[in-house]
């Protein structure tokens, strides 16, 4: 089928969508790069002028940038740790034959369907609120002073909220992976004298490695740009304690009206995301091969 | 060091009794084959012995000790699965070493035992490969290696050759029989293939619907099948069954004649018929003959026969080799 003619026709036919997708990506990227070299402030229209790398040097020397960089990585790593470890444990539990399995699985999956702003508000007002929150109530009934999550440990609070949202995703992927484990392999390991812990370490965990890789890669993409949860809970504060790069770019563009600075921040974020991606592929991408 | 006794062992899944009640004794060093059609409970029986299923009733004695409630690992048995169940992420070496590692043996001892097992099975050159880099027969050998390295009191094989092609199956059959001679360990082998049963077994256990139909050596079962089921199951091509007046003449409800015990003559003979399809195997020819009085019969003759489709011939059974069965299918002796 792959004659010269059919290949030319195929190229011609896919061209429109390829061109559209290319423009879709290159125009925003090109404009962002262009803006990042301009002094472009919405409060001073008409004064745009070329400033070279000034926006970059301001953004990269801003102390808030280093705080945001640390916070971004802390959120990614913290959430990954909780969701992968918790996901494996939940998947192991859900794999057990229990009564009402279907409903339990649905309930476990539910948080993933709640939109980020809503779940963040629920956590903020119903769980972590120091006066009305459920967690505060638990603490006061135990005779302790309530902990003000969002004021004293904002980053940790956000990690918990985001992890709660992503736990169902990893649990579900890991559950399907666990279910694809050959039953005879489990039985063989059992006959070989492997106890439950050994079976988990030597048989199940290696079998899950590929699914865990997928979970880490997909989640990292989304976790690098956590935004809604920060906006509705802490607004990046107190100070910059819970500001990540995405939120910093937002603050630059829409709170300080500095489009040029925000564009520079955006490009920096793209570069950082690529660095993270390269590291990830180097470290764990090998398990996806073959 | 490897006797297994089943006492009224039963297994039910909910309401469904897969195995009503089985008594069986397997002596040390015997090669026992469980054979039967699919769904007859032979794999379940093996899994009961292995401890992968809990017996609903009865007792399983291994080496004289009650093992009914022992977990699989404590029974001192090892099993080769139909899918081989190799650990895909481990090298051949790690696969074979796994049971020893789980038993907590020191490293140098594990290495020595793995090397011995690999040498026995011609796997020495493949020790560092992953299972997916091996052929079907090699995988099979790795699975056997993992089983023998623990020096169990008995081996359990669950249809181990069903995933191999015909030529390899014959070769592995020989290798397993050879291994049994070398090790002298009890082996229990499950198959639906009566040829495997006949060629490998010291003792065949024919199962049907969870019950033992007959236990005996291959030739015993071939010569003296206890009932119609065993008569039909053992032997290839299948035994011919004849009912009606011809059977009544010999005082039986059904008579059975094996294809190799029918003699073809150009005329005369006890029964006459026309030649149908002839299957030429080179060494033998199987003739399907439409007789006038007793239905279609299969006849086994030598490879060189000059009979054509539609020829009229006569058939005479070897009188000493006619099996007689009563109304219930039991043999009349």
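Only the coordinates and a few stated rules stand behind these numbers; no lab work does. From a predicted model like this one, the values you see are computed outputs, not experimental measurements. Methodologically, a virtual Cβ is constructed for each residue, glycine included, from the backbone with ideal geometry; neighbour enumeration extends over all protein chains shown.
Taking only Cα atoms and a 10 Å spring cutoff, compute GNM fluctuations for chain A and point out the largest among A:255, A:89, A:223.
Per the Cα network of chain A with a 10 Å cutoff, A:255 tops the list.
Between residue A:235 and residue A:277, what FRET efficiency follows from the Cβ-Cβ distance if R0 is 25 Å, with the result rounded to 0.05?
The calculated FRET efficiency here is 0.30.
Residues of region A:124-165 with amide nitrogen under 15 Å from the 7 Å Cα-to-Cβ point of residue A:70?
Counting backbone N atoms under 15 Å from the label point, the list is A:153-156.
Can you bin every Cα-Cα distance in chain B into 20 Å intervals starting at zero and give me the percent of pairs per bin, rounded to whole numbers?
That works out to 27, 47, 22, 3, in percent per bin.
Take residue B:312 and residue A:18, extend 7 Å from each Cα along the Cα→Cβ direction, and tell me the distance between the two endpoints in nm.
In this crude spin-label approximation the distance works out to 7.8 nm.
Can you work out D for region B:32-179 in µm² s⁻¹ from Stokes-Einstein, where Rh is the Kirkwood radius over C-alpha pairs, the temperature is 20 °C and the viscosity is 1.002 mPa s?
The diffusion coefficient I find is 132 µm²/s.
Could you give P(r) for region B:270-333, binned at 5 Å from zero, as whole percent values over all Cα-Cα pairs?
4, 16, 23, 20, 17, 11, 7, 3
Taking each residue in B:248-256, count the Cβ atoms of any other chain within 10 Å of its Cβ, then average. What number comes out?
Whole-number average of other-chain Cβ neighbours for B:248-256 is 0.
Once the Cα atoms of helix B:136-148 and of chain B are each reduced to a long axis, what angle between those two axes, in degrees from 0 to 90 to the nearest 10, is obtained?
Tilt of helix B:136-148: around 60 degrees.
Going by how many other Cβ atoms sit within 10 Å of their own, how do B:66, A:258 line up, fewest first?
The fewest-first ordering by Cβ neighbours comes to B:66, A:258.
So what's the back-of-envelope 222 nm ellipticity for chain B, counting only DSSP H runs of four-plus at -39500 (n - 2.57) apiece and dividing by all residues, rounded to 500? Kindly include the intermediate steps, with their values, before the conclusion.
Working: 9 runs with 89 residues, N = 333.
Rounded to the nearest 500, the figure is -8000 deg cm²/dmol.
How many nm separate the modelled label positions at residue B:101 and residue B:266, each set 7 Å beyond the Cα in the direction of the Cβ?
In this crude spin-label approximation the distance works out to 7.3 nm.
Based on C-alpha coordinates, I'd like the Rg and Dmax of region B:96-222, in Å.
16.2, 50
Relative to 2.2 N^0.38 Å, what does the C-alpha radius of gyration of region B:148-296 come to as a ratio? Two decimals please.
Working: Rg = 19.2 Å, N = 149, 2.2 N^0.38 = 14.7 Å.
Dividing the Cα Rg of region B:148-296 by 2.2 N^0.38 Å gives 1.30.
How large is the convex hull of the C-alpha atoms of region A:10-127 per residue, in Å³?
Hull volume normalised by residue count: 262 Å³.
Calculate the spin-label point distance for residue B:236 paired with residue A:153, positioning each point 7 Å from the Cα along the beta-carbon direction, and give it in nanometres.
6.9
Pairing the Cα long axis of helix B:92-102 with the longest principal axis of chain B, what angle in degrees results, from 0 to 90 and rounded to the nearest 10?
70
Can you show me the helix-derived [θ] at 222 nm for chain A, built from DSSP H runs with n ≥ 4 at -39,500 (n - 2.57) apiece and divided by the number of residues, rounded to the nearest 500.
-21500 deg cm²/dmol
If you line up the long axis of helix B:166-183 against the longest principal axis of chain B, both from Cα atoms, how many degrees apart are they, to the nearest 10?
Rounded to the nearest ten degrees, it is 60.
Please give the per residue volume of the convex hull enclosing the alpha carbon atoms of region B:32-115, rounded to a whole number of Å³.
145
Looking at region A:55-117, I'd like the Rg to Rh ratio, where Rg is from alpha-carbon atoms and Rh is Kirkwood's inverse mean 1/r.
1.27
If you take each beta carbon of peptide B:49-62 and count the beta carbons of other chains within 10 angstrom, what is the mean? Intermediate results must be reported in sequence, preceding the final value.
Numbers: counts 0, 3, 3, 7, 0, 0, 0, 0, 0, 0, 0, 0, 0, 0.
Averaged over the peptide's residues, the number is 1.
Using every pair of alpha-carbon atoms in chain A, split the distances into 10 Å bins beginning at 0 and state the percent of pairs per bin, rounded to integers.
6, 20, 24, 23, 17, 8, 2, 0, 0
If you restrict to DSSP beta bridges whose two residues both lie in the protein assembly as shown, what percentage is antiparallel, to the nearest 5?
75
Treating the protein assembly as shown as a set of equal point scatterers at the Cα positions, no solvent, please give the Debye-formula log₁₀ I(q)/I(0) at q = 0.06, 0.08, 0.11, 0.12 Å⁻¹.
-0.58, -0.83, -1.12, -1.21
Please arrange B:62, A:212 by how many other C-beta atoms lie within 10 Å of their C-beta, fewest to most.
Ranked by crowding around the Cβ, least crowded first: A:212, B:62.
Can you give the FRET efficiency for residue A:101 and residue B:56, using 1/(1 + (r/R0)^6), R0 = 25 Å, r = Cβ-Cβ distance, to the nearest 0.05?
0.50
To the nearest whole number, what is the average tally of beta carbon atoms from other chains within 10 Å of the beta carbons of peptide B:78-87?
Per residue, the number of nearby Cβ atoms from other chains is 5 on average.
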